[in-house]
Amino acid sequence: MGLAPFTEADFVLSKDKRAEITAGLTERQAFMVNHWMDLHEVINRGDWDGMDRFFNTDTMTYDNPNRPDLGTYHVWKTSPQGLYKTFPPSLYRTLKAWGRGEDEICVLCHHHGKHTGGPYMGVQPTGNDLNVLWFSWLRFRGDKIDHIYSISDVLTMLKDLEVINVPQPVDPYK
């Protein structure tokens, strides 16, 4: 799946778009996905205190093989804050969602911004676009997020931000 052309307006999900994303889910699963999409709206406007109401802040854990340093909610919360400053406008949206049972969802998401706010991994602002697709598996306890496991396209992100050079093979098996 490539990323279709978009505008910043696409990061404000209409009622119809939300219904499309949650189609086929149970009522509970749709609640969880909408909870996640509501969180994105809060993060998109930089409401860091407002973020807390979406999580079990004392027990929430975060796993990501690219960011093993972000294990607890309070440490993980610094990541969207840093991204917000470094890649304004730093916008998030959900593209697709799946559910399993009454406490798990999986979401495919998109994060967009421009590298204009400050250095990233030692690279001064380039003005380059940040467009990262990622999957998150979320587990809820009650009506709040209790665990997130995320995996993202970090290789493309680091290439696009000029942090690393990545050779592009024509046929990697020759």
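Stretch residue 7-residue 47 to full length: gain in nm at 0.36 nm per residue minus the Cα-Cα span?
Extending this stretch completely gives an extra 12.2 nm.
Which residue fluctuates the most in the chain, going by a Gaussian network model with Cα springs under 10 Å, if the choices are 150, 90, 79?
Highest fluctuation of the listed residues: 79.
As I understand it, the dipole of the chain uses +1 on the Cβ of Lys and Arg and -1 on the Cβ of Asp and Glu, about the Cα centre. Which of 148, 44, 131 lies farthest toward its positive end?
131
Number of Lys-Lys pairs in the chain under 16 Å by Cα, sequence gap 8 or more or different chains?
Qualifying lysine pairs in the chain: 6.
State the answer as a single residue: which of 87, 70, 106 lies farthest towards the positive end of the charge dipole of the chain, with beta carbon charges of +1 for Lys and Arg and -1 for Asp and Glu, about the Cα centre.
In the chain, that residue is 87.
If Lys and Arg each add +1 and Asp and Glu each add -1, what is the summed charge of the other residues whose beta carbon sits under 15 Å from the beta carbon of residue 85?
Net of charged neighbours comes to +2.
Kirkwood Rh over alpha-carbon pairs of the chain, then Stokes-Einstein at 37 °C and 0.692 mPa s: what D in µm² s⁻¹, rounded to an integer?
Translational diffusion coefficient: 193 µm²/s.
Fully extended, how many nm does the chain gain between residue 163 and residue 129 (0.36 nm per residue separation, minus their Cα-Cα distance)?
Gain on extension, residue 163 to residue 129, equals 10.9 nm.
What does the net charge come to around residue 31 if you take all other residues with beta carbon closer than 13 Å to its beta carbon, with K and R at +1 and D and E at -1?
-3
Rank these for me by crowding, 42, 170, going from fewest to most other beta carbons within 10 Å.
By the 10 Å Cβ count, ascending: 170, 42.
How much mean residue ellipticity at 222 nm does the chain get from its helices, if each DSSP H run of length 4 or more adds -39500 (n - 2.57) and you divide by all residues, to the nearest 500 deg cm²/dmol?
It comes out at -8000 deg cm²/dmol, rounded to the nearest 500.
Given 10 °C and 1.306 mPa s, compute D for segment 103-147 with the Stokes-Einstein relation, Rh being the Kirkwood radius over Cα pairs; round to the nearest whole µm²/s.
The estimated diffusion coefficient comes to 124 µm²/s.
Name the chymotrypsin sites (Phe, Trp or Tyr not before Pro) in segment 71-174 that are in a loop by DSSP and that have at most 16 other C-beta atoms within 10 Å, would you?
Hits after loop and neighbour filter: 173.
Where nothing but the Cβ of Lys and Arg (+1) and of Asp and Glu (-1) is charged, how large is the charge dipole of segment 1-147 around its Cα centre, in debye to the nearest 20?
Dipole about the Cα centre, nearest 20: 220 debye.
Pairing the Cα long axis of helix 27-44 with the longest principal axis of the chain, what angle in degrees results, from 0 to 90 and rounded to the nearest 10?
50
Taking only C-alpha pairs under 8 Å that are 6+ residues apart, what is the relative contact order of the chain in percent?
With pairs under 8 Å counted, the relative contact order is 20 percent.
Bear in mind that the values in this text are calculations on the coordinates, not laboratory data. For clarity, every value in this text was computed on a predicted model and none was experimentally measured. Every residue, glycine as well, gets a Cβ built from its backbone with ideal geometry; the counts of neighbours run over all protein chains shown.
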